[in-house]
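Each remark here refers to the structure printed beneath this line.
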Amino acid sequence: MLHNKSFVKKTRAGRVMKQVREHYLRDDIFCGAPFCKVCDTSGARLSASPSTILVLDTNVVLHQIDLLENLAIDDAVVLSIVLEEVKNKNLSVYNRIRAICSNSKRNFFVFSNEYHRDTYIKEMTGETKNDRNDRAIRVATQWYQNHLGSGVKVLLITNDKENKRKANEEGIHAETVETYVKSLDRPDLLDLLVRPSEDVDMEEVEDLRPSKRKVIYIEHKPMSEITSGLHRGIYHQGKLRVNRYNPFEAYVGSESIGDQIIIYGRSNMNRAFDGDIVAVELLPQDQWQEEKSLSIACGDEDEDEDVHLAPNSADDAPRTIPQQGSSGEINAVSSRPSGRIVGIIKRNWHSYCGSLEPMPMPAGSGGIVHALFVSKDRRFPKIRIQTRQLENLLDKRIVVAVDSWDRQSRYPSGHYVRTIGEIGDRDTESEVVLIENDINSRPFSSQVLACLPPLPWTVSSEDLSNPIRQDLRNVRVFSVDPPGCKDIDDALHCTALPNGNFEVGVHIADVTNFVHPGTPLDDEAAQRGTSVYLVERRIDMLPKPLTEDICSLRSDVERLAFSVIWEMTPEADVVSSRFTKSVIKSSAAMSYVEAQARMDDSRLMDPLTTDLRNMNSLAKKMRLRRIERGALTLASAEVKFQIDTETHDPLDIGMYQIREANQMVEEFMLAANVSVAQQILKSFPLCSLLRRHPTPTKEMLEPLLRTAAAIGLHLDVSTSKAMADSLDQAVGDDPYFNKLIRILATRCMSQAVYFCSGELSPPEYHHYGLAAPIYTHFTSPIRRYADVIVHRLLAASLGIFKLPSIFQDRGQLTSVSDNLNYRHRNAQMAGRASVELHTLIYFRKRPTDTEARIVKIRSNGFFVFVPKYGIEGPVYLTTRSEKGGGEWYIDEQQQKIKKIDGSISYSILQTVQIHLEVVEPQPNRPKLQLSLI
Amino acid sequence: MEYVSPEGLRLDGRRPMEMRQIRAEIGAVSKADGSAVFEMGNTKVIAAVYGPRQVQNKSQQMSDQALVRCEYSMANFSTGDRMRKPKGDRRSTEISLVIRQTMEACILTHLMPHSQIDIFVQVLQADGGTRSACINAATLALADAGIPMRDLVTSCSAGYLNSTPLLDLNYVEDSAGGADVTLGILPKLDKVTLLQMDSKLPIDILENVMQLAIEGCKAVANYIREILLENTKQLEYRRGV
């Protein structure tokens, strides 16, 4: 082993420092070709007899990652210097190339050229870092060619002209990606190619837009200027959030101002995408356009932007043109700062789902066609792509990635990634929902399935004789779940004790008995984070045998459980509590309806019903106590579909009904979670996984208070207790009023999140909604990974199992909890998107008239909420043609919108009759339109 | 941060079980009774031993054994950034104590009552693992001074990063915040005289990491033995035996 000390490196960490690192060069780094005579071939990854071996340049990996992910590209060598450069430039691409390299089906080999004694090169004087790295790539390519001999062609793939020229001079085979892909004779691959931006420009100038050369967007400021601007307070940094209902309006939440900055219009947005971290410059105060932000625009693209490729669709959606200056009164209230984006600090580009804008087929088929891609999510602008397979793509949902957006083009340019399926097909659209929310719906891999216990599985004698497991098979345990529930993860029991107290047990499926830390099964579950419930399907976190059979606490079978057992007085005071692993045998798996019916049927006196009634009375007391402590009863507009079993089309929609039985089960689950949280926090004060719900700030509750004030309702939001009380008192003249107020209140609050207890101080552990000082998730390990973690923590705190290593590392646990939060949010979004999709399918055939409530007032209309279907959407009062729009004005104090002549006015929470209908203002983007009757 | 690439190479090109290059030289300070320079990669320390000699402070004199004193210091130029370190700061005091205790455990002090042995170690260049390098240098210097010892003490560190046990951490790996185990052993007697750890490790992983450190210590011991043998041969040759 040869080693060599060299390497002098300068880094900047505030100041310039010289750093000296050792750099060992080795002779035991192998080439990865299985046919190599010299090298050790045990770690070889390339195929047995390739005709060509590709060496990829950094720019190819960075820009053509979608192409590399295609199976047609194979036998490639990725140099460590390339990986390093990619990692510094774009971490997500780095992760993707790493995934390709570790995929056993792909023949991608990582060659550590920087540590190989023959391929390491020293920087020459006057050579830039980039040139040095390019040279290193060429040297490595050369080495490969010499090493493998003339039997194999080693081809350097580079898009850098200079690099290619030098390589050719040095006698290395080098080609650009384009020429290489063309030589493969696979036209579909060409679509995956990202064209260098100057090419795009040229072509566009030629055949698309004569007026194109004009600069549309102002230039982004250089990074150095942005940094100094941020320092001096001229610019403000924040994440860009585009309005869901109006893609021309965006907000940047800025900490330096403490308020949201409104960015209005594409030119002010200056090529930023939703989610980008941007630098914003405030506009002078006289240009602040308050009223704009209050309008709901529904245009698809500005008219003046409708130049281009395909004739645009008839655009009948209403739109507001701000009544700038038309009413002095309005300008006077203008207080929110508007701004303009001057630079993008971090791009949030990923791939987008959508479809191509319909366009006539060009005469000569097969050639390159430019098309505009319309994202399904309206927050993103259209994306220009090139394709050779237009006829195949026009009626498909496709995935497109963004490559660049230069100043001269109105739209960003991107490239086709893959096809999902036919537009309008329910499976395709569901798939789109999953992709948009980054949900992995692939079947479980064989490695994961190999971790499952053999089927059919039964409780073994070892389990029974295990001293840590208590035998509770003789206890009358039952479960209450939604109808048709197959993944039953909780069961209950309630036995009267001789001393008049009750023994109450909550039994949770013992998932950790089957999912062991460090196994592929565990990794997969941790990655998925949660099961996702769509309207017509469920994407499991754990494989089906575990979810529906082995772990599911079904009736009349013996199952392993983790139990929380309390002794409670009839007044629901906990006398003692303990935790144990157990074996149970559920005597009944009931649905909420069944359980409720049993409790209500006074003739039934069987032991099970008595248990249910006892539990219910305990639960009511516990609930009362919780509400006294200040727990909020929040509401959401959850809807339930009845799905046709054959066609999977929705048959009916209705609000989800909550019964006493639901509340009873919920109460005991809450109690179990709190008990477990206390137990694990006691044992692991620094590394427990808990769940907190931050107290909403005044600003967050502002919209709620404004609404309440407008209808003459006083809400006290000083504490959660006060809030709960005033919510209780908010009873209007109709039964739905209270629920509506609760829904509005729920929306003002932030979401509850998982966190690692070591990251925050105890007062911050507080769960606002439940009014509990600490809380965690323990009761659904089949469908939530957080619960799996908590199960392990609890087992460790009881001394049953030792703590897996990730819990000893706070940073690691924090990253796990961040992932869980992300997955949970996505699962929720996907669920909602799925409901939206099915609502659309449902109303496509049934235009309906129904009652709705106004929840938000805007200057050209209002948002309504339809209680019956749980739908929320905009209703426009002005149409686009009346762009003068001056006949309606908004009364901010009273939250009313009035006609100028005073003949009609709408106020918040008012009931209106609306008409629901599915329209398709823009092809392939159907939406539910709500209009006043 | 990735400290071990999926290809199994560390940031400086070593594999997880590999030590840095070690180099030792005996007799760097001719005025002292024994001295040595020890390098582990870019970590370079010098050690000088005076003694056994008369006890300077009579009150410390012991009638049954020798007094061992140790002073550890870092040269101001040992790290890249220019920083003035006050003499006798907590860290130096602690390391001085650690080295003294480690060396005391192997010196046959009872053979030299009423006397004093002074060990001075100074870090010339620091790049992680200074503690280990100091102990190794001190061992060599003691041997050079001809002080009777039970065995050579050798030391090596090992750590745990990216779920991989790593031998002989350098500065970058050391400051990664993972566990860092410094181990000192008497290789012939198979006894541990020093075990220190920063941060936390599960007990079963600690065993693996410790085992790795023991291997490292043994490798250092072999090298030191070679150097001493070489040195003795040189002496033999000079005396013309």
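The values are calculated or read from the model by the stated rules, or taken from the named source; none is laboratory data. Just so we're clear, the structure is a prediction, and the values are computed from it rather than from any experiment. Here the Cβ positions follow ideal geometry from the backbone for every residue, glycine too, while neighbour counts run over all protein chains shown.
The lone criterion from (1) free of Cβ contacts under 8 Å to residues at least 60 places away in the same chain; (2) more than 25 Å from A:S441 (Cβ to Cβ) left unmet by A:R538 is number (2). Can you pull out the residues in the range B:13-43 that are away from chain A (no Cβ under 14 Å) and either in a loop (DSSP other than H, G, I, E, B) or surrounded by fewer than 16 Cβ atoms within 10 Å (Cβ to Cβ) (or both)? Selection gives B:E25, B:G27, B:A28, B:V29, B:S30, B:K31, B:A32, B:D33. Restricting attention to the range A:110-161, the residues that are more than 26 Å from A:T179 (Cα to Cα), away from chain B (no Cβ under 14 Å) and in a helix (DSSP H, G or I) total 1. Residues that are within 12 Å of chain B (Cβ to nearest Cβ) and charged (D, E, K, R) within the range A:69-109 comprise A:E84, A:K87, A:R98, listed in sequence order.
Do you know which of the residues in the range A:672-727 that are of a type in the set (D, E, K, R) and in contact (Cβ under 8 Å) with a residue 60 or more places away in the chain is nearest to A:L794 (Cα to Cα)? So that I can check it myself, show each step before the final result.
At the first step, the residues of the range A:672-727 found to be of a type in the set (D, E, K, R) are A:682, A:691-692, A:698-699, A:702, A:706, A:716, A:721, A:725.
Subset that is in contact (Cβ under 8 Å) with a residue 60 or more places away in the chain: A:682, A:691-692, A:706, A:721.
On the way: A:K682: 10, A:R691: 15, A:R692: 18, A:R706: 45, A:K721: 31 Å.
Among residues in the range A:672-727 that are of a type in the set (D, E, K, R) and in contact (Cβ under 8 Å) with a residue 60 or more places away in the chain, the one nearest to A:L794 (Cα to Cα) is A:K682.
Answer with yes or no whether B:I46 is part of a strand (DSSP E or B) and on the phi < 0 side of the Ramachandran plot. Spelling it out, B:I46 is indeed part of a strand (DSSP E or B) and on the phi < 0 side of the Ramachandran plot.
Here A:D487 meets the list (1) at pLDDT below 85; (2) in a helix (DSSP H, G or I); (3) touching a Cys at 6+ places or on another chain (Cβ under 9 Å) almost entirely, failing just condition (2). Within the range A:784-835, the set of residues being out of contact with any Phe, Trp or Tyr (no Cβ under 7 Å at 6 or more places or on another chain), within 30 Å of A:D652 (Cβ to Cβ) and of a type outside the set (K, R) comprises A:H824, A:N826, A:A827, A:Q828, A:M829, A:A830, A:A833, A:S834, A:V835. Given the condition closer than 30 Å to A:P467 by Cα and either of a type in the set (D, E, K, R) or without any contact (Cβ under 8 Å) to a residue 60 or more places away in the chain (or both), answer yes or no: does some residue in the range A:603-619 qualify? Taking every residue of the range A:603-619 in turn, at least one turns out to be closer than 30 Å to A:P467 by Cα and either of a type in the set (D, E, K, R) or without any contact (Cβ under 8 Å) to a residue 60 or more places away in the chain (or both). With the structure loaded, tell me whether A:N819 is within 24 Å of A:E536 (Cα to Cα) and either more than 22 Å from the chain's Cα centre (by Cα) or of a type outside the set (D, E, K, R) (or both) or whether it fails that test. For A:N819, the condition - within 24 Å of A:E536 (Cα to Cα) and either more than 22 Å from the chain's Cα centre (by Cα) or of a type outside the set (D, E, K, R) (or both) - is not met.
Which one of these is farther than 26 Å from A:V459 by Cβ, in the same structural domain as A:I800 (by TED's automatic domain parsing) and within 30 Å of the chain's Cα centre (by Cα): A:L534, A:L546, A:L521, A:L497?
Numbers: A:L546 fails: farther than 26 Å from A:V459 by Cβ; A:L521 fails: farther than 26 Å from A:V459 by Cβ; A:L497 fails: within 30 Å of the chain's Cα centre (by Cα).
The match here is A:L534.
Residue count for the range A:51-80 satisfying the condition of being more than 16 Å from A:T179 (Cα to Cα) and assigned to a strand (DSSP E or B): 4.
Any residue in the range A:137-156 that is over 17 Å from A:I53 (Cα atoms) and in contact (Cβ under 8 Å) with a residue 24 or more places away in the chain? It would help to see each step written out before you state the result.
Residues of the range A:137-156 that are over 17 Å from A:I53 (Cα atoms), as a first pass: none.
The answer is no; no qualifying residue exists.
Residues are listed down the side, and each one gets a yes or a no for (1) surrounded by 18 or more Cβ atoms within 10 Å (Cβ to Cβ); (2) over 21 Å from A:D652 (Cβ atoms); (3) at pLDDT 80 or above; (4) in contact with a Lys or Arg (Cβ under 8 Å, 6 or more places away or on another chain):
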site	(1), (2), (3), (4)
A:T839	yes, no, yes, no
A:P847	no, no, yes, no
A:F865	yes, no, yes, yes
A:D891	no, yes, no, yes
A:S905	no, yes, no, yes
A:E920	no, yes, no, yes
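Just so you know, in the range A:382-397 the residues that are among the basic types (K, R) and at pLDDT 80 or above include one that is farthest from A:P247 (Cα to Cα), and it is A:K396. Using the structure shown, decide if A:Y754 is surrounded by fewer than 24 Cβ atoms within 10 Å (Cβ to Cβ), under 28 Å from A:T580 (Cα atoms) and not assigned by TED's automatic domain parsing to the domain that holds A:I539. In short, no.
On the stretch given as the range B:106-123, residues that are under 14 Å from the mean Cα position of the chain (by Cα) and either within 19 Å of B:L169 (Cβ to Cβ) or of a type in the set (G, A, S) (or both) total 1.
Let's see how each residue does on (1) surrounded by fewer than 20 Cβ atoms within 10 Å (Cβ to Cβ); (2) in the same structural domain as A:L553 (by TED's automatic domain parsing); (3) at pLDDT 85 or above:
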| site | (1), (2), (3) |
| --- | --- |
| A:R784 | no, yes, yes |
| A:A795 | no, yes, yes |
| A:K802 | yes, yes, no |
| A:F807 | no, yes, no |
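Residues in the range A:252-277 that are part of a loop (DSSP other than H, G, I, E, B), crowded, with 16+ Cβ neighbours inside 10 Å and of a type outside the set (D, E): 6 in all. Applying a threshold of 8 Å to beta carbon distances and a minimum spacing of six or more residues, or different chains, the list of pairs starting in the range A:17-39 at a residue that is within 13 Å of another protein chain (Cβ to nearest Cβ) and over 20 Å from B:G8 (Cβ atoms) and ending at one that is in a loop (DSSP other than H, G, I, E, B) and of a type in the set (F, W, Y) reads A:V20/A:F7.
Test B:R10 against the stated conditions and say whether it is surrounded by 20 or more Cβ atoms within 10 Å (Cβ to Cβ), over 22 Å from the mean Cα position of the chain (by Cα) and within 14 Å of chain A (Cβ to nearest Cβ). Working first, answer last.
Details: surrounded by 20 or more Cβ atoms within 10 Å (Cβ to Cβ): yes; over 22 Å from the mean Cα position of the chain (by Cα): yes; within 14 Å of chain A (Cβ to nearest Cβ): yes.
Yes: the conditions hold for B:R10.
Here B:Q101 meets each of (1) within 18 Å of the chain's Cα centre (by Cα); (2) touching a residue at least 40 places away in the same chain (Cβ under 8 Å); (3) away from every other protein chain (no Cβ under 14 Å); (4) surrounded by 15 or more Cβ atoms within 10 Å (Cβ to Cβ) with one exception, condition (4).
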